[in-house]
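Read-outs throughout are calculated quantities, based only on the coordinates presented, and are distinct from any laboratory measurement. Because the structure is predicted, anything quoted here is derived from the model rather than measured.
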Amino acid sequence: MATSCLPPMMLKLKQFMRRQQVLRLSRRILQEIWQVSNVSDHKYLKNWAKKNSKEMKRIKSWHLQANGCSWRR
């Protein structure tokens, strides 16, 4: 089965719903990080969230390229 290479604005409903769940989870994680009172723990968690976000974007980009999608943001 061929994979669709729709631009980001043309998400299918299932993809849109999954994206909303991910965004909600990311917001909750950041809200919890801001409530950490220990400065070193706060910095560690903030850096972890940033690295995790970049890694997920890299994986998504790799997955799109592996499936032959040619559009770029």
Set of lysines with alpha-carbon distance to residue 12 below 28 Å, sequence-local pairs under 8 removed: 50, 51, 54, 57, 60
Cα shape, segment 6-62, gyration tensor, a/c 1.5 rule: oblate
